[in-house]
Every structure is written in C-alpha cells, then in structure tokens.
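J.: For reference, the structure I am asking about is given below.
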Amino acid sequence: MQQTFSLDSLAFHELIIAPAFADLIPDGSEFQGLLNEFTIMDNVVSKRPIIDIRRVQNILQRRDASCDINYKKVAGASIRQISTDEVYGATAFCRNEFYQGDLKDFRNQDPAFEGNILPFFQGAMRTDIASNAYFGDIERVPPVNAQWSTNVFDGIFKWIKKYISAGAIPADQTLQIPDGTDYSADPEEAYNLIKSMFDRQPVRMDSFQDSQKAFYVSKEIARGYGNYLKLFGKEAEGYTLLSNGIKTLSYDGIPVLVESIWSPIIQELKGSKGYAAVLTLRGNFVFGTDKKYGEGEDGTTALEVWYEKKEMQWYYRLFLKVGTQIALPEYIVVALSSWA
C-alpha cells in the first residue's frame, strides 16, 4: 500500500518557499533568520536582468534667455543578471529510523503527512536553502561529515568575493577579520568593527536613510557590541525602538541584525572560529526562483512525500530552481574571516 502527499509548483512556492522568506517577529533585541531580508524574484525561468535604478542629483539648472531646455536623466540604469539552477532533494527513511527523537510520538500514527511529517522536511529544506543562499559555492568540496549544505548553488558571500575581486566592491569597503579574534570576550573589538564599517560607507550610501540600511552580523559580534554598550553605559544610544514597541540593537540608527547560522557554518568551513559582518541596503540580496517549475509524472509536481508500507520506508523528493545575486554591490561594506 502506498500513501502520498504532493504539492504542485505554485502551491509549493506559496506554502513553503515564500514563508521561508517571510518577515519574522523579532525576539528581544535580535532578529532570528534573516532570509526575510532577501528580495524574491519568483519568475526566473533561467536568467533575468536586474535593473539597478540609481538616484541622481544635480538636475536643477539656471534658466537663460533661450528657449532651449536641457533634459537630464533622473536615474541611471545598469543591467545585472540573476540566473537559477535546477536542484532537487530526495531522501528515504526506514520507519524505525525515522520515528526517533522529536518524531517518536508519531510512530503509531502512520501515515502522518501534512500535520507531522511534512514540517520535518520543510525545516530541513529551509535550512539548506538558507545555508546555500549565503555560503553556497558549487565549486566547493565540502568538509568530511559536513553538517551544513554549502555547495548546491552559489550564495551571497561568493558573489561578494567576486565583486571584491572585480573592484565593484572597493577595497576600502572591506575588512579582514584576523584569526583568533573573539568578539564575545572582547566587546571593544566588536564595537570597533561596527564603527569601522560604518565609517567606510561610500558617500552615496551614507545619504540613504538609516531605516533603509542594516548591519548583518554573526551572533558573537552582536553579543560583543551589546556588551560594550552595557559596559560603557551607552545602551540608550545603541538601541532603536521599533514601531511594535520592541527595541533592536543598532549603531547610529542603523539596525544590527543577527544571523545565527553564520558562525557555525564558517567554523565548519574554516575548521576554527570565524565571523562575518555586512553593512548594506535592506533588500540588496536577491533570491531567484521559478514558482512554475516542477517535475514528476505530470511535470508540475514540486514536492512529493509518500510512505511505502511494504518497504516500511518514507520517501521525500522536491524539485525547485534557485539562485542568488546582489542588486547593488557598490553599496556593501563587508568584514570577513577567511574560509574555504
């Protein structure tokens, strides 16, 4: 006997992909899981241009005695491409192996799809998307017994390194975090890093409103910076009150948002402690997908979960298109430890 649960490509996008990037409620002074900071492009079949609209100034002119009018452009545009790759996930679990730990209570409720089993796979898939969206590199040979998926599609940090090499992110907007740095133990170092990044903003980036920018940082950097504020009695100037009444860590009005998965992934890739911090415009990271893409027998199935009673096996497979890009790399200030 076979029991199945499936989602077509559109439902898969609306029920699983989109919620992974939805706004999350802040917990205390930190945001947890910042996939919601990505801009989603959901109809990238293979490749699609990103049009960068840049603000320009200096359009006011003196009127002279002639009838000539000099029309200046109000925006400059350049084209950057985002492309998607076809990826899939497929797993099989023996019933006895599957119903362990948190799922042990469901052992006698076969088959349990939407309410019990599907969220298990949803969480695993969202974690893999998040780890690749930032750290993915298709050329990477992952560490032995890797706990994080980091070589399925190219992520934001690979793009950052490419744009640094190409000069699109100027050298004076980059910082190298030395090996052995411990921001949790040295709060002043965390403060100095945040301040240095702020000071390295290009002039035009500095002209944006504080609410349009954010620091994205490893958890230890935020913790060290928060400890610095407490240590020197500067908490009043280091937090911003949100509209919902919750305070968020900030520097000079710019939110400092925590990426809790960064440090463990960097440590796995590096083999020792490491950190990352990015100051940029909110929404500058772009995630591309195709909400119409699917496979399976009908060519439209994106997710399918089924249980083979005869084999006592759960099977799970999904198909999707994914890719990342940075809309405005010149508006990035970045500090990185070195990792493979």
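No lab work stands behind these numbers, since they all come straight from the coordinates. For clarity, every value in this text was computed on a predicted model and none was experimentally measured. We place every Cβ from the backbone using ideal geometry, glycine too, and count neighbours over all the protein chains shown.
J.: How large is ³J(HN,Hα), in whole Hz, for each residue of the range 183-193 in order, when computed from phi with the Karplus curve 6.51 cos²θ - 1.76 cosθ + 1.60 and θ = phi - 60°, using x for Gly and Pro?
T.: Calculated HN-Hα couplings, in order: 5, 5, 8, 10, x, 5, 5, 5, 4, 4, 5 Hz.
J.: How big is the dipole moment of the range 134-249 about its Cα centre under a simple scheme where the beta carbon of each Lys and Arg is +1, that of each Asp and Glu is -1, and everything else is neutral? Debye, nearest 20, please. Write down the numbers at each step before the final one.
T.: Working: 13 positive and 15 negative charges, 66 e Å.
Computed charge dipole of the range 134-249: roughly 320 debye.
J.: Can I get the semi-axes of the range 248-305's equivalent ellipsoid? Compute them from the C-alpha gyration tensor as square roots of 5 times the eigenvalues, in angstrom, largest first. Before the final figure, lay out the partial values.
T.: On the way: eigenvalues 249, 78, 19 Å².
Equivalent ellipsoid semi-axes, largest first: 35, 20, 10 Å.
J.: Using DSSP to call loops (not H, G, I, E or B), can you name the GluC sites (Glu not before Pro) in the range 207-316 whose Cβ has at most 16 other Cβ atoms within 10 angstrom? Kindly include the intermediate steps, with their values, before the conclusion.
T.: On the way: sites: Glu220, Glu235, Glu237, Glu259, Glu268, Glu295, Glu297, Glu304, Glu308, Glu311; in loops: Glu297, Glu311.
The qualifying sites are Glu297, Glu311.
J.: Are any of the pairs Lys219/Lys321; Lys213/Lys234; Lys47/Lys321; Lys158/Lys291; Lys47/Lys291; Lys158/Lys270 more than 18 Å apart by Cα-Cα distance, and if so, which? Each step should come with its number before you reach the end.
T.: On the way: Lys219/Lys321 30 Å; Lys213/Lys234 21 Å; Lys47/Lys321 11 Å; Lys158/Lys291 25 Å; Lys47/Lys291 14 Å; Lys158/Lys270 15 Å.
Exceeds cut-off: Lys219/Lys321; Lys213/Lys234; Lys158/Lys291.
J.: Taking only the C-alpha atoms, wrap a convex hull around the range 114-230 and report its volume per residue in Å³ as a whole number. Walk me through the intermediate numbers first.
T.: Numbers: hull volume 22.5 nm³, N = 117.
Spread over its residues, the Cα hull of the range 114-230 gives 192 Å³ apiece.
J.: What residues qualify as long-range amide H neighbours of Ser250, i.e. H under 5 Å apart, gap of 5 or more or another chain, H built at 1.01 Å from N?
T.: When sequence neighbours closer than 5 places are left aside, the close amide H contacts are Tyr239, Thr240, Val256.
J.: I would also like to ask the following. When the chain is fully extended, how far beyond the present Cα-Cα distance does Phe198 get from Asp186, taking 0.36 nm per residue of separation? All intermediate terms of the calculation are to be shown ahead of the outcome.
T.: Numbers: separation 12, 0.36 × 12 = 4.32 nm, distance 1.92 nm.
Residue separation times 0.36 nm, minus the Cα-Cα distance, leaves 2.4 nm.
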